[in-house]
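Please read the structure below before turning to the comments.
The values are calculated or read from the model by the stated rules, or taken from the named source; none is laboratory data. Since we're looking at a predicted model, the values are computed, not measured. Cβ sites come from the backbone with ideal geometry, for glycine too, and all protein chains shown count toward neighbours. SASA here: full protein model, heavy atoms, side chains in, ligands and nucleic acids out. Shrake-Rupley method; radii C 1.70, N 1.55, O 1.52, S 1.80 Å.
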Amino acid sequence: MSHRQAQTTPNASPGGRPEKSGLLFILSAPSGAGKSTLCSAVRNRFPDVMYSISFTTRAPREGECNGRHYFFIEKGEFEAGIEQGRWAEWARVHGNYYGTSMDTLNKGLRMGRDILLDIDVEGMRQIQEKFPDGITIFIMPPSLDILRRRLISRGTESPEAIAVRLKNAQKEMAQKDLYRHVIINDTLPEAIDELINLIETYRR
Ligand code: 5GP
């Protein structure tokens, strides 16, 4: 079975032969489930995979750079983007907007680039409608209690924000069966291996 994207319009090459479209990997995980570390591992292992940098209205955390971790934009610009159909998907997560640029996705896929998206469950549902062959992967934390401890030790969120994230995590974890693959992040090195092997299998 071919896992290549079939839903994007094939791009004719100068010789008239349709070029292969890229693969779309959609990764979701509750906040604190280790997704950033897993994404970094994928980016290091497959530097040619394009990482889709999301747009958000959330304030940058310490150490986050505009254009590298996110494009940090104002609420007004985001909402105008909704009106203009600028987002392939968008969602309000923990009180902030997050979205993926449609233009960037289409251009990347047409160029035959494989793309990694790090988005929430709501965003995944929207992407699946537009790109049904997208490969969806959910990262499960071993337990809610471990997730709570991870969020507290990360120290980047207030107790209120942690409570919101935990509630959201519970909701997201209940929807894990919507994903084609589920990886339990019990021990990080094993979860990294599992994710890399999975991506490698599709790309082979
Ligand atoms: P954080 O604020 O911790 O960076 O991300 C919070 C949540 O927003 C995570 O679950 C993350 O996957 C999700 N997220 C990040 N970028 C996007 C995006 O472009 N679209 C959607 N729908 N969710 C996103």
Exercise. Just give me the residues in region 138-155 being in contact with a helix residue (DSSP H, G or I) (Cβ under 9 Å, 6 or more places away or on another chain), surrounded by fewer than 23 Cβ atoms within 10 Å (Cβ to Cβ) and among the hydrophobic types (A, V, I, L, M, F, W, C), in sequence order.
Key: MET140, LEU144, ILE152
Practice problem: Scan region 158-171 for residues that are buried (at least 17 other Cβ atoms within 10 Å of the Cβ), within 16 Å of ARG58 (Cβ to Cβ) and either touching a residue at least 40 places away in the same chain (Cβ under 8 Å) or under 20 Å from the mean Cα position of the chain (by Cα) (or both) and report the count. | Solution: 1
Practice problem: Quick one: GLU122 ticks every box in (1) within 13 Å of the ligand (Cβ to nearest atom); (2) part of a loop (DSSP other than H, G, I, E, B) except a single one, so which number is it? | Solution: (2)
Quiz item: Considering ASP103, ASP118, ASP186, which residue is at pLDDT below 90, open to solvent by 30 Å² or more (accessible area, probe 1.4 Å) and of a type in the set (D, E, K, R)?
Solution: ASP186
Exercise. Pull up region 36-60, narrow it to residues that are among the hydrophobic types (A, V, I, L, M, F, W, C) and under 22 Å from TRP90 (Cβ atoms), then point me to the one that is farthest from the ligand (Cβ to nearest atom).
Key: MET50
Quiz item: Which members of region 157-193 meet the condition of being within 15 Å of ALA33 (Cβ to Cβ), in a loop (DSSP other than H, G, I, E, B) and away from the ligand (no atom under 15 Å from the Cβ)?
Solution: ASP186, THR187
Exercise. Scan region 146-183 residue by residue and report those that are among the acidic types (Asp, Glu) and modelled with pLDDT under 90.
Key: GLU157
Quiz item: Inside region 61-94, can you point out the residues that are near the ligand (Cβ under 10 Å from one of its atoms), in contact with a helix residue (DSSP H, G or I) (Cβ under 8 Å, 6 or more places away or on another chain) and either open to solvent by less than 50 Å² (accessible area, probe 1.4 Å) or at pLDDT 95 or above (or both)?
Solution: TRP87, ALA88, GLU89, TRP90, ALA91, VAL93
